[in-house]
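Comments concern the structure below.
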Amino acid sequence: MYDNIIKTYEFEHIKNKIKTINVTTDKRDLFLHIKLNPEKECCPFCNIANYVINEYVKSKITHSITITRKTYIIFYRRRYKCKTCNKTFYENDPFTDHKFRLSKLTIMNILDYLKDFNHSFTSAARYFNTSVNTVINLFDHYVKAERNKLPKVLCIDEVHIKSNIKYPYACILFDFHKSKIVDVLKTRRKEYLIRYFERFSISELDNVEYVVMDLWAPYKDVVRRFMPKAKIVADAFNVVTNINRILDKKRIQVMNYYLKLENENLNYSNDFGYLLKKFSWMIRHNKKNIKGRYLWIYKYKFSVYSMDLLEHLLSSNKELKEIYDLKHIYQDFNSYSNIETAEETLLDLIDRFRNHNIVEIREYGKTLNRWKKEIINSFTKYDGVRYSNGRLESTNRNIKTIIRNAFGVTNFERFRARVMYSINKNVSLNLRK
Ligand SMILES: [Zn+2]
């Protein structure tokens, strides 16, 4: 006789247990008053089924299946008195799980909602009519993010989590082929990584064939020690980033030099300071991508052809131009080499960089030399795609969304579980049977 109510409020799975449901409302909320059919139960103390109903105890359970109105189950729960041992006990509760005053359905809805990395604990609490603490507690209770097995191609990268000063970078282990997170580690520091990998079996470690990483020496040391059979791949994007950093540092240096001149001398008419600031991106971007455009220079109220402006910017300083050209030489090597030709070209480049007159370029040459084997490995292809950390980029963006929505990382274990749960989406839940 309660078929409609049972359907509307999603009690179909316990339909046969329900004796009565009465719906009442007040101005804001809706209440489902429920009594269950009595079931034969044994006293949990003496295990004998010989009892009487002592009383009905009302228990209020949040049942957020609709967002238009706060809904509660008022469960009239029988409290029995055992005639054999005189102790009292409750009838079974099919609505809630563990200690939460939320219906199982509400809990499943909240957990499902949190699978989207854009959704925060705070918005879940608002949406499902409960407190942020309850959402956090149930998340901690149900989500146990176990690490995944080490893959054949393992990517290692870091993500800046900021709020934790002692460990500003968390370390992400990622499965290249499956595009799934393997694990999230508290820090990328060497001692920690050693303690982490010590717990793995030799056979699991030996299963890893390639490890992709930034030019971060501790990663290399640790991988060599624990995965001696794996080939190390230097992430090509990171190698280019390193020379871009040198270039940008030089640009800032030149820019500041000219800005200072302009400030000190009113008659100074050279505008390199202004232009290097306004058009810094022209130096950073690849030459190919800035061709064939006209750019409006606000200060002069006229537009110039992009390549003319670029040439003008680079004429501000001889070293700036040299670093700019070397960067493009390296980028061309990176774009157009293959696993067969890479070594010869790279060795030439290293030679050229290491004997350069600019100290930063000499340092860069040394770095390339230390990582030459790994850079050559980066031309290894699978299905036409080079091994790299590129697939991790969108994952890292999503992790940053989680951090932003949570206003930082306060509890690392919870953050780790959240990342694995909301990004991998296949984390199993810790459900009572
Ligand atoms: Zn008893």
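Could you please give the count of residues in the stretch 334-353 that are under 30 Å from F272 (Cβ atoms) and surrounded by 15 or more Cβ atoms within 10 Å (Cβ to Cβ)?
Final tally of qualifying residues: 3.
Take I323 and tell me if it is in contact (Cβ under 8 Å) with a residue 40 or more places away in the chain and in contact with a Ser or Thr (Cβ under 7 Å, 6 or more places away or on another chain).
Here the answer is no, as I323 does not meet what is asked.
Which one of these is under 38 Å from the mean Cα position of the chain (by Cα), under 30 Å from D235 (Cα atoms) and without any contact (Cβ under 8 Å) to a residue 12 or more places away in the chain: N357, N289? Walk me through it before giving the result.
Numbers: N357 fails: under 38 Å from the mean Cα position of the chain (by Cα).
N289 is the lone residue from the list that is under 38 Å from the mean Cα position of the chain (by Cα), under 30 Å from D235 (Cα atoms) and without any contact (Cβ under 8 Å) to a residue 12 or more places away in the chain.
May I ask you to list the residues in the stretch 37-60 that are within 16 Å of the ligand (Cβ to nearest atom) and either without any contact (Cβ under 8 Å) to a residue 12 or more places away in the chain or assigned to a strand (DSSP E or B) (or both)?
Step one: list which residues in the stretch 37-60 are within 16 Å of the ligand (Cβ to nearest atom), which gives 40-54.
Scanning the stretch 37-60 gives K40, C42, N47, A49, Y51, V52, I53, N54.
Could you say which residue among R386, R354, R362 is among the charged types (D, E, K, R) and closer than 20 Å to H177 by Cβ? Give the steps one after another, and end with the answer.
Working: R354 fails: closer than 20 Å to H177 by Cβ; R362 fails: closer than 20 Å to H177 by Cβ.
Result: R386 is the single residue among R386, R354, R362 that is among the charged types (D, E, K, R) and closer than 20 Å to H177 by Cβ.
Select from the stretch 71-114 the residues that are among the β-branched types (V, I, T) and more than 16 Å from the ligand (Cβ to nearest atom) and list them in ascending order. Full working, then the answer.
Within the stretch 71-114, the first condition is being among the β-branched types (V, I, T), and the residues that meet it are 71, 73-74, 84, 88, 96, 106-107, 110.
Residues satisfying the conditions are T71, I73, I74, T96, T106, I107, I110.
Does the stretch 1-13 contain at least one residue that is more than 30 Å from S123 (Cα to Cα), within 16 Å of the ligand (Cβ to nearest atom) and assigned to a loop (DSSP other than H, G, I, E, B)?
Going through the stretch 1-13, the residues more than 30 Å from S123 (Cα to Cα) turn out to be 1-4.
Cutting the leftovers down to within 16 Å of the ligand (Cβ to nearest atom) gives us none.
The answer is no; no qualifying residue exists.
Hey, can you tell me all the residues within the stretch 321-374 that are small (G, A, S) and assigned to a helix (DSSP H, G or I)? Explain how you work it out, then say what you get.
Within the stretch 321-374, the first condition is being small (G, A, S), and the residues that meet it are 335, 337, 342, 365.
Selection gives S335, A342, G365.
If I ask for residues that are among the charged types (D, E, K, R) and farther than 14 Å from H63 by Cβ, which ones from the stretch 13-38 would you list? Quick ask: steps written out before the conclusion?
Narrowing the stretch 13-38 to residues among the charged types (D, E, K, R): 15, 17, 19, 26-29, 35.
Hits for the stretch 13-38 are K15, K17, K19, D26, K27, R28, K35.
Here is a yes/no grid of residues against (1) of a type in the set (V, I, T); (2) at pLDDT 95 or above:
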position: M213; (1), (2): no, yes
position: L247; (1), (2): no, yes
position: I252; (1), (2): yes, yes
position: Y268; (1), (2): no, no
position: F279; (1), (2): no, no
position: K287; (1), (2): no, no
position: K291; (1), (2): no, no
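Is it the case that the stretch 22-36 has a residue that's away from the ligand (no atom under 16 Å from the Cβ), of a type in the set (V, I, T), surrounded by 14 or more Cβ atoms within 10 Å (Cβ to Cβ) and within 18 Å of N129 (Cα to Cα)?
no
Among the residues of the stretch 128-136, are any more than 21 Å from the chain's Cα centre (by Cα), of a type in the set (S, T, N, Q) and assigned to a strand (DSSP E or B)?
The answer is no; no qualifying residue exists.
Write out, first by first residue and then by second, each pair whose Cβ atoms fall under 8 Å of each other, whose residues are 6+ apart or on separate chains, and whose first residue, in the stretch 206-229, is surrounded by fewer than 19 Cβ atoms within 10 Å (Cβ to Cβ) while the second is hydroxyl-bearing (S, T, Y).
Every condition considered, the pairs that remain are L215/T367.
Residues in the stretch 370-382: is at least one touching a helix residue (DSSP H, G or I) at 6+ places or on another chain (Cβ under 7 Å) and closer than 28 Å to V184 by Cβ? Give the steps one after another, and end with the answer.
Filtering the stretch 370-382 down to residues touching a helix residue (DSSP H, G or I) at 6+ places or on another chain (Cβ under 7 Å) leaves 372, 375-376, 378-379.
Imposing the further condition that a residue be closer than 28 Å to V184 by Cβ reduces the set to 375, 378.
Yes, the stretch 370-382 contains a residue that is touching a helix residue (DSSP H, G or I) at 6+ places or on another chain (Cβ under 7 Å) and closer than 28 Å to V184 by Cβ.
Can you confirm whether S388 is outside the structural domain of K250 (by TED's automatic domain parsing), free of Cβ contacts under 8 Å to residues at least 60 places away in the same chain and among the small types (G, A, S)?
Working: outside the structural domain of K250 (by TED's automatic domain parsing): yes; free of Cβ contacts under 8 Å to residues at least 60 places away in the same chain: no; among the small types (G, A, S): yes.
In short, no.
What is the residue count in the stretch 41-97 for residues that are of a type in the set (V, I, T) and touching a Leu at 6+ places or on another chain (Cβ under 8 Å)? Quick ask: steps written out before the conclusion?
Going through the stretch 41-97, the residues of a type in the set (V, I, T) turn out to be 48, 52-53, 57, 61-62, 65-68, 71, 73-74, 84, 88, 96.
With the extra rule that they be touching a Leu at 6+ places or on another chain (Cβ under 8 Å), the set shrinks to 61-62, 65, 71, 73-74, 96.
Number satisfying all stated conditions: 7.
Given the structure, is R386 surrounded by 12 or more Cβ atoms within 10 Å (Cβ to Cβ), farther than 19 Å from H141 by Cβ and of a type outside the set (D, E)?
Details: surrounded by 12 or more Cβ atoms within 10 Å (Cβ to Cβ): yes; farther than 19 Å from H141 by Cβ: yes; of a type outside the set (D, E): yes.
Here the answer is yes, as R386 does meet what is asked.
Only one of H177, H160 is closer than 17 Å to V419 by Cα and loosely packed, with under 14 Cβ neighbours inside 10 Å. Can you tell me which?
On the way: H177 fails: closer than 17 Å to V419 by Cα.
After applying the criteria, what remains is H160.
Is it the case that D271 is closer than 30 Å to N369 by Cβ and among the acidic types (D, E)?
Criteria not met by D271.
Can you say whether T68 is away from the ligand (no atom under 16 Å from the Cβ), in a loop (DSSP other than H, G, I, E, B) and farther than 19 Å from L429 by Cβ, as far as the supplied structure shows?
On the way: away from the ligand (no atom under 16 Å from the Cβ): yes; in a loop (DSSP other than H, G, I, E, B): yes; farther than 19 Å from L429 by Cβ: yes.
For T68, the condition - away from the ligand (no atom under 16 Å from the Cβ), in a loop (DSSP other than H, G, I, E, B) and farther than 19 Å from L429 by Cβ - is met.
Within the set of pairs 6 or more residues apart or between chains, which connect a residue that is at negative phi inside the stretch 63-90 to a residue that is of a type in the set (A, V, I, L, M) and within 16 Å of the ligand (Cβ to nearest atom) with Cβ atoms less than 7 Å apart?
As it stands, the answer is R78/I53; Y80/V52; Y80/I53; K81/V52; K83/V52; T84/I48, since those pairs meet every condition given.
Exactly one condition in (1) in contact with a Lys or Arg (Cβ under 8 Å, 6 or more places away or on another chain); (2) surrounded by 18 or more Cβ atoms within 10 Å (Cβ to Cβ); (3) in a helix (DSSP H, G or I); (4) not polar (S, T, N, Q) is false for F379; which is it?
So the condition that F379 fails would be (3).
The values are calculated or read from the model by the stated rules, or taken from the named source; none is laboratory data. In this text, all values refer to a predicted model and were calculated from it rather than measured experimentally. Neighbour counts run over all protein chains shown; Cβ positions are idealised from the backbone, glycine included.
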